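Quick note: the coordinates plus some simple rules give every number you see, no bench work behind them. All values derive from a computational prediction rather than experimental measurement. No Cβ is skipped: glycine too gets one built from the backbone with ideal geometry, and neighbour counts run over all protein chains shown.
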Amino acid sequence: MRSSFLRGAALGLPLTLLASSIALAQGGPDAEPPPSGLQTTNLDAVKVSAATPALPAPGFPATLATVPSEQVEATINAVDVEDAAKYLPSVFIRKRNYGDTQPVLATRTWGLNSSARTLVYIDDIPISALIANNNTIGAPRWGMVSPEAIDHIDMLYGPFSAAYAGNAMGGVMHIVTRAPDHTEVTIKQTEAMQSFDLHGTQGDYATSQTSLAAGGHTGKLDWFFGANAANSFSQPLSIITGTSTPAGTTGTLPALNKQGQVANVYGAGGLLHTRMLDLNGRLSYDLTPQWRLTYLVGYWSDHGQSRADTYLDDASGDPTYGKVAGFANNVYQLSAHHLMQALSLKSDTKGDYDASFVATHYAFLKDDQWQPAGVGAGTSFTTNGRLASYGGTQWSTADATGIWRPQGYGGPHEVSLGAHADQYELNNPTDNLADWQDPSSITTLYASGRGKTRTQALWLQDAWQLAPAWLLTLGGRYEWWKASDGFNFSGKTAVTQPVEKADAFSPKLSLQWSLAPGWRINGSLAKAVRFPTVGELYQLVSTGSTYSVPNPDLKPETAYSGELAIEHAIDHGLVRLSLFQENTKQALVSQTSTLPNVAVPVTYVMNVGELRNRGLELVAQKDDVLVHGLSLSGSVTFVDSTILSNDSFVSTTGTTSEGKHAPYVPRWRATAVATYRPDAAWAFTLAGRYSGRQYSTLDNSDHTAHVFGAFDSFRVFDVRAHYQVNDHLAASFGIDNINNEKYYLYHPFPQRTFVADVKLSL
């Protein structure tokens, strides 16, 4: 997985420059003839030769893209770990603010709200939160690794390896760490300031972050420890709306919702102040020259307060909440403590056999959020409130892998096999509080959702170099899944949910042809089965006037994926074109709708008959373009995402979802990065990202843009200047969203933000 198959991405490059230059130098067919009257002399032919650019050896049966840590430091305003991947082809990480706890990874075939359709690893240790498939608790646990520990990040596209569960249908991200060969200490200070102006809320929102990392090598022991403390103020994450003007108030701003209905604006909410601490460590010990034991630990804590900003005034001109319940929903406090531990035993014999064993455990030691139950007169709240908790939520995973090389290390044949087991346990009660500011004042149970899922799997894969130009990879994965102990309580109704079971086989096939030096064609086919998460089955959540309803009868979703990729190495770069298609049957899609005989909007997960995602991705990268030191990279992705059938869709307006665009998948995406390095010390970068508009409803009825709840198109440009003062000191200054694009991805997203950092390495 450590092979650097693609060091960036590009939108399109003038590949004819090199050929044209050679043609002119050698007197090609378009060269000007010598002026008349001049003496010409015939010279002996001179043979000019150059090494043919080569493609790196693949480390994955299909497409793989890489970003190295040195590129991240020089070109990206990276405050959080997930920022490092922001310009990878077709990748988008939904990060709403610095220190966001919900940065979900979206890929070319699956967009936002699909956290369980991708996998994220630190080396061979999974950090995906497959407890849910949403934008709340389903985000990967990025804080389990320190930014300074990263060597590079690999993005593997599609479910084409049998080593990964069906959750890999969107792709697999590997955060590969490094092992320092000497003792080192790094101190980094980052400051950011966002200028925000939307509706009646204007302000500057600051983030201050201090990072400390230390690592080294002593005898048989490698070690690395990181600590990251952040104090962050976010822009509003919510807009409080309603259909009328509250009685006795002024200040309401006329507006619409994403479906074009009246949704007047009363104020902003979710102005979140968080104090976050990440502690992580890794110890690796060489038991023998071939066997290494690694222990990873990560502790994360978060404490925060959210406030609301009202635009309403009463008859006396004083601020008021106008008895709008939405203000109470946006004022809350939170406290969370999470702990992850992992143990890995791995061999590197460079011989006929190798093996690895990995076990992980992730625990929500505490995860509480409490808020008032309603509003009172003026800007007051009711005394009572509610406490929502995830304490006791946890998961464990175990993997065993073996490798056999019949013709020895580096030979043409490698067989790998493995076993996997996991268990995810959800515990999500909401309690009534006598005093909303005192989370210990619990009185009665308001609602509850809990349950377990368990998966076991066996897999086998054979990579066979049929000939020097041909590599065949065949594999298969069989999985057994069970959901149990499901329980839901709402109001006075308690339901014990039935046990559900399913199993499935997923075959894989990839064939790679190196047809000429610098050229490679790779075709891949795969089936992937994703089983429902425990959150999709049993989670019961109240968010304002919208309720998330569990669905314990969900069926697994099955994806049939194919990709044809053509790669070409050019001088100091490469180009890749990928054609892909994925048909997903019984797709698990979350939908918010007003149902017959139900007074409030309800969010629920349903099985959609069949979705089809097909499209193309063009990627290229080249160094020293026109002038020495100028690097260009970028990507363009087109996806036709269509709902082919959906008999279960319920609409109160008579609309249909068949033939409509699938939710959360934009039709077009693009990235472009230009970096100029005039010398070894300086790097100047201009980067841009584009995403087309997205729908969040199955019938595409959310046609109104630039309002709260919409998923807008956006064009965002970033700049960064990095100065390596000496071997020990570096400084950077940058601006994210320099063009100050104002857009919603349900939430209002950050506007122009200034970022500066200083890093001292000892």
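A few points about this structure:
- 3J(HN,Hα) couplings calculated from phi for segment 196-203 with the Karplus curve 6.51 cos²θ - 1.76 cosθ + 1.60 (θ = phi - 60°) are, in sequence order, 10, 8, 8, 6, x, 10, 10, x Hz; Gly and Pro show x.
- Each Lys and Arg contributes +1 and each Asp and Glu -1, all at the Cβ; summed about the Cα centre of the chain, the dipole is approximately 1060 debye.
- Its Kirkwood hydrodynamic radius, worked out from the mean inverse distance over all distinct Cα pairs, puts segment 608-675 at 14.8 Å.
- Charge tally in the Cβ shell below 14 Å around Val324, where Lys, Arg are +1 and Asp, Glu are -1, Val324 excluded: -2
- Using the empirical formula 2.2 N^0.38 Å as the baseline, the Cα radius of gyration of segment 655-762 reaches a ratio of 1.46.
- Label-reachable residues, segment 387-421, where backbone N falls under 20 Å from a point 7 Å from Leu466's Cα toward its Cβ: 406-407, 411-416
- Karplus-derived 3J(HN,Hα), 6.51/-1.76/1.60, for each residue of segment 277-292, Hz, glycine and proline x: 9, 10, 10, 8, x, 9, 10, 10, 10, 7, 5, 9, x, 9, 10, 10
- A simple packing score, the average count of other Cβ atoms within 10 Å per residue, orders the peptides 622-629, 164-171, 406-413 as 164-171, 622-629, 406-413, with the highest score first.
- Relative packing of 193-203, 107-117, 695-705, which averages over residues the other C-beta atoms within 10 Å, highest first: 107-117, 695-705, 193-203
- Loop chymotrypsin sites (Phe, Trp or Tyr not before Pro), segment 483-590, which have at most 10 other Cβ atoms in a 10 Å radius of their Cβ (DSSP): none
- Taking amide H atoms as placed 1.01 Å from N in the peptide plane, the amide H of Val91 has no partner under 5 Å among residues 5 or more positions away or on other chains.
- Pairwise FRET efficiency - Ala325 versus Gln202, Cβ, R0 = 25 Å, nearest 0.05: 0.50
- All aspartates and glutamates inside 14 Å of Lys492 as judged from Cα atoms, apart from same-chain residues fewer than 8 positions distant: Asp431
- Amide hydrogen proximity for Gly391: with H placed 1.01 Å from N in the peptide plane, the residues at 5 or more positions away or on another chain lying under 5 Å are Asp367.
- Note on Val297 and Gln423: their simple-model spin labels are 2.3 nm apart, each label 7 Å out from Cα toward Cβ.
- Qualifying lysines (Cα of each under 17 Å from Cα of Lys346; at least 8 residues distant if same chain): Lys220
- A cut-off of 5 Å between modelled amide H atoms, ignoring neighbours fewer than 5 places along the same chain, links Tyr446 with Thr430, Asp431, Asn432.
- Förster radius 56 Å - calculated FRET efficiency between Gln581 and Leu626, Cβ distance, rounded to 0.05: 0.90
- Length released on extending from Thr496 to Arg178, taking residue separation times 0.36 nm less the Cα-Cα span: 109.7 nm
- Computed from Cα positions, the angle between helix 16-26 and the longest principal axis of the chain comes to roughly 20 degrees.
- Rg and Dmax over the alpha-carbon atoms of segment 165-311 stand at 23.8, 78 Å.
- From the coordinates of this entry, Cα extents along the principal axes in Å is computed, and it appears in [x] 83, 74, 56; [y] 98, 64, 59; [z] 77, 58, 50 under the label [y].
- The loop-placed chymotrypsin sites (Phe, Trp or Tyr not before Pro) in segment 207-275, going by DSSP, include none that has at most 14 neighbouring Cβ atoms within 10 Å of its Cβ.
- Here the 3J(HN,Hα) profile of segment 497-512, calculated from phi with Karplus coefficients 6.51, -1.76 and 1.60 at θ = phi - 60°, is 7, x, 6, 10, 9, 7, 8, 6, 10, 10, x, 9, 8, 9, 10, 10 Hz, Gly and Pro shown as x.
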